[in-house]
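The values are calculated or read from the model by the stated rules, or taken from the named source; none is laboratory data. As the structure is a prediction and not an experimental result, all values here were calculated from the model. Here the Cβ positions follow ideal geometry from the backbone for every residue, glycine too, while neighbour counts run over all protein chains shown. Surface accessibility is based on the protein's heavy atoms, side chains included, excluding ligands, DNA and RNA. Shrake-Rupley method; radii C 1.70, N 1.55, O 1.52, S 1.80 Å.
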Amino acid sequence: MTERGFEIGGIGIGAAGGRDGERNGDACAWVTRDEVHTLLESAEVETLESIPWSSNYTFVAHLRIEEYPQFYAVYKPRRGEIPLYDFPDGTLYKRERAAYLACVALGWDFIPPTVIRDGPHGVGSYQLLVDVDPRADYFKYKDQHVSEVQCIGLFDVVANNADRKAGHILKDRRGKLWGIDHGLTFNTDHKLRTVIWDWQGESIPGPLKHQLEAFRRDPKRVSTLRTQLLELLTPAEVDLFFKRIEVIATRGQYPPMHSRRAVPWPWY
């Protein structure tokens, strides 16, 4: 995303900053963040395509709305969630939305716009589809995107992300990194599992620390996000999220790896 907003249409969606609809001849359109939310919430679902490698039932939704080109979203219905012993049943789609709201509130933009709405298989999350570079491999490009990876890694700490695999960090065709699959976040137990341990024990970069501090000092932003999260998570989960922000901002360091289980397997 840039100040111009998002580009939808073509083969998917990426951060605005260039036109890529020419790749398949489809029309594209510039939209603001608020417009993206409205489109995701109100567009007609024309067809669904299953994503067979997902651990839960997940679909690519082909969306259509008058006066806009066809665009796409990743649809994760509640009824398609496989029960887990350590997360409440039927809550993963809410955590996808909660992660997006938290990311935006903190001043970061690496999670694609995500809403909750009804769909062919019931209520679930709809996340704007990222038009990725299929040749990109996280372990090969991460050293050229240090600041972006540091931001994603810091978010994982405060959101208590239990599932940051390398395949959950995508590079779009313009070179921007995106983070996806945030259904296993905000647990009250310590669950951090991530491939991003490059800066364990090191100081948080100044710009990221400033963003955390700016958020903490802004009572309106804090209050708005707390209200939004309480609609999606338990009060205890919300309280611990804000507590983690406070602790990390005060310490000013990335946490050390606590055990070998802190790295997901498989990596992708």
| Sole exception among (1) more than 16 Å from residue 185 (Cβ to Cβ); (2) part of a loop (DSSP other than H, G, I, E, B); (3) touching a residue at least 12 places away in the same chain (Cβ under 8 Å) for residue 212, by number | (2)
| In the set 178, 197, which member is part of a strand (DSSP E or B) and either of a type in the set (Ser, Thr, Tyr) or more than 13 Å from residue 106 (Cβ to Cβ) (or both)? | 178
| task | Considering only residues that are among the polar types (S, T, N, Q) and under 13 Å from residue 65 (Cα atoms), look in the stretch 26-46 and name the one that is surrounded by the most Cβ atoms within 10 Å (Cβ to Cβ). | result | 38
| remark: Within the stretch 224-241, restricting to residues that are acidic (Asp, Glu) and closer than 19 Å to residue 192 by Cα, the one that is surrounded by the most Cβ atoms within 10 Å (Cβ to Cβ) is 237
| field | Breaking point among (1) more than 30 Å from residue 42 (Cβ to Cβ); (2) open to solvent by less than 40 Å² (accessible area, probe 1.4 Å), for residue 172 | value | (1)
| field | Scope the stretch 181-194; condition touching a Lys or Arg at 6+ places or on another chain (Cβ under 8 Å), open to solvent by less than 20 Å² (accessible area, probe 1.4 Å) and part of a loop (DSSP other than H, G, I, E, B); matching residues | value | 182, 183, 185, 186
| request: From 122, 153, grab the single residue that is open to solvent by less than 40 Å² (accessible area, probe 1.4 Å) and at positive phi. | output: 122
| Could you say which residue among 216, 221, 251, 244 is of a type in the set (D, E, K, R), open to solvent by 60 Å² or more (accessible area, probe 1.4 Å) and within 28 Å of residue 124 (Cβ to Cβ)? | 221
